[in-house]
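Take a look at the structure set out below.
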Amino acid sequence: MTLELTGLSKAFGDTVVLEDLTLKIEGRQSLVLIGPSGGGKTTLLRLMAGLEEADRGTLRINSHRLEREEKHLREYRKRVGIVFQNYNLFPHLTALENILLPLVHVHQWNREEARDEVMALLGRFNLEEHALKKPAALSGGQQQRIAICRAVAAKPELLLLDEPTSALDPEYTSEVLDLIGELRTEGMELVLVTHEIGFAQEVGDQILFVADGGVRQHGGVDEVLMNSTDPRVQAFLSKVLKHHTV
């Protein structure tokens with residue numbers, strides 16, 4: 001994965017979230033964004049997903065420079081899978097139908113072939129018994145795993161995940177993290193916003209600490225999580241890790 005940001009800025013009204021962010025990262029499979037709430041992690045992820053438009057600057061992921069034209073963005077979004085905090089499953093559709101819908105209507109797959117692919121995917125992740133259940137009949141962990149399956153069903157170039165365990169009870173968190181770890185092991189390129197520092201250590205090839213309008217520090221796991229000399233990073237980690245072990 002290559003990520004290149006040049007002069008990237010984004011504000012919401014009078015609130016500047018990212019300001020003149022310039023950064024280049026090459027040769028990494030998984031990027032993990034950490035930092036304080038309101039620091040800009042999710043905004044940066046949404047810019048990378050083509051769901052928000054930068055006020056200034058450019059953003060390039062792999063061979064794709066994100067343009068402002070909606071036609072370009074629609075085509076770009078087909079190449080990325082996105083997983084949100086709160087599942088975003090259609091409540092009136094079964095798990096199977098939730099995954100089928102974008103394959104058939106967005107990616108123009110043949111419905112029968114798509115159904116076979118989806119059932120194979122559910123089987124691969126031990127979810128086939130839930131195929132005909134609607135979201136209300138599933139646990140939070142099961143719903144999020146279905147959402148992840150939906151995101152990867154079209155074989156995207158890149159998977160973007162925004163705090164995928166934040167809405168889950170602790171007992172369901174590990175099954176979601178296990179699935180993400182399995183996707184990484186299989187070679188999926190990932191960008192992940194998470195508050196699970198132990199998981200960031202486990203899956204991150206590159207850690208980005210996002211705060212105060214930009215990326216305060218980026219580097220390998222040990223450099224950022226264990227040996228950071230940045231006072232802002234140290235203060236954040238001391239709070240987050242007070243009751244955890246990295």
Output for Cβ contacts, cut-off 8 Å, separation at least six or different chains, first residue assigned to a helix (DSSP H, G or I) in region 70-89, second at pLDDT 90 or above and among the small types (Gly, Ala, Ser), reads LEU73/GLY50; TYR76/GLY50; ARG77/ALA49; ARG77/GLY50
Collect the residues in region 83-140 that are surrounded by 12 or more Cβ atoms within 10 Å (Cβ to Cβ) and of a type in the set (S, T, N, Q), keeping them in residue-number order.
-> GLN85, ASN86, ASN88, THR94, ASN98, SER139
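Inside region 222-236, can you point out the residues that are surrounded by fewer than 19 Cβ atoms within 10 Å (Cβ to Cβ) and not hydroxyl-bearing (Ser, Thr, Tyr)?
Hits for region 222-236 are ASP222, GLU223, MET226, ASN227, ASP230, PRO231, ARG232, GLN234, ALA235.
Any idea which of LEU183, LEU168, LEU177, LEU192 is in contact (Cβ under 8 Å) with a residue 40 or more places away in the chain and in contact with a helix residue (DSSP H, G or I) (Cβ under 8 Å, 6 or more places away or on another chain)?
Numbers: LEU183 fails: in contact (Cβ under 8 Å) with a residue 40 or more places away in the chain; LEU168 fails: in contact (Cβ under 8 Å) with a residue 40 or more places away in the chain; LEU177 fails: in contact (Cβ under 8 Å) with a residue 40 or more places away in the chain.
Criteria check complete, one pass: LEU192.
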Residues of region 19-47 being hydrophobic (A, V, I, L, M, F, W, C) and crowded, with 17+ Cβ neighbours inside 10 Å, in sequence order, are LEU21, ILE25, LEU31, VAL32, LEU33, ILE34, LEU44, LEU45, LEU47
Can you name every residue in region 155-178 that is within 20 Å of LEU45 (Cα to Cα) and either outside any loop (DSSP other than H, G, I, E, B) or in contact with a Lys or Arg (Cβ under 9 Å, 6 or more places away or on another chain) (or both)?
-> PRO156, GLU157, LEU158, LEU159, LEU160, LEU161, ASP162, GLU163, VAL176, LEU177
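Check whether at least one residue in region 8-16 is part of a strand (DSSP E or B), more than 15 Å from the chain's Cα centre (by Cα), among the basic types (Lys, Arg) and surrounded by fewer than 15 Cβ atoms within 10 Å (Cβ to Cβ), and report yes or no.
Taking region 8-16 first, the residues part of a strand (DSSP E or B) are 8-12, 15-16.
Next cut, more than 15 Å from the chain's Cα centre (by Cα) only: 8-12, 15-16.
Then keep just the ones that are among the basic types (Lys, Arg); that gives 10.
Adding the requirement that they be surrounded by fewer than 15 Cβ atoms within 10 Å (Cβ to Cβ) leaves none.
Scanning region 8-16, I find no residue that is part of a strand (DSSP E or B), more than 15 Å from the chain's Cα centre (by Cα), among the basic types (Lys, Arg) and surrounded by fewer than 15 Cβ atoms within 10 Å (Cβ to Cβ), so the answer is no.
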Which of the residues spanning region 1-32 are farther than 21 Å from GLU202 by Cβ and small (Gly, Ala, Ser)?
-> GLY7, SER9, ALA11, GLY13
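The values are calculated or read from the model by the stated rules, or taken from the named source; none is laboratory data. Worth saying up front: this structure is predicted, and the values here are computed from it rather than measured. Glycine also receives a Cβ, built like all others from the backbone with ideal geometry; neighbour counts cover every protein chain displayed.
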